[in-house]
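The values are calculated or read from the model by the stated rules, or taken from the named source; none is laboratory data. Predicted model, so just to flag it, every value in this text is computed and none were measured. Methodologically, a virtual Cβ is constructed for each residue, glycine included, from the backbone with ideal geometry; neighbour enumeration extends over all protein chains shown. Only protein heavy atoms, including side chains, enter the accessible area calculation; ligands, DNA and RNA are left aside. Shrake-Rupley method; radii C 1.70, N 1.55, O 1.52, S 1.80 Å.
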Amino acid sequence: LLQALGYLPYVTVSKLRTPYTSPRWPGITIDWDNVESIGMFVELEALVASAEDIPAAEDRLQKLATALGLTKDLL
């Protein structure tokens with residue numbers, strides 16, 4: 001699809017992703033990525049059913065980030 005739109009491959013990124021879920025944080029996935037030649041990254045993701053749910057999800061993600069020790073300078 002992207003090539004049909006005129007896009008060409010620019011760089012290939014190799015990573016190993018390990019997803020985590022917890023009953024303490026339902027609806028949130030933590031993905032731990034080990035990106036080759038770059039390092040480790042953490043991605044927090046909350047899926048929402050509607051736009052009205054976004055503020056509550058953002059609040060829960062911030063609370064989880066704080067519980068994990070992720071500070072704003074790391075985000």
Determine the per residue accessible area of the chain with all protein chains present and a 1.4 angstrom probe, expressed in square angstrom. 85 Å²
Rounded to the nearest 0.05, what FRET efficiency is calculated for K15 and V48 with R0 set to 30 Å and r the Cβ-Cβ distance? 0.75
Share of carbon and sulfur in the accessible heavy-atom surface of the chain [1.4 Å probe, %]: 60 percent
Can you pull out the GluC sites (Glu not before Pro) in the chain whose DSSP state is coil and whose Cβ has at most 15 other Cβ atoms within 10 Å? E36
Treating only the Cβ atoms of Lys and Arg (+1) and Asp and Glu (-1) as charged, compute the dipole magnitude of the chain about its Cα centre; round to the nearest 20 debye. 180 debye
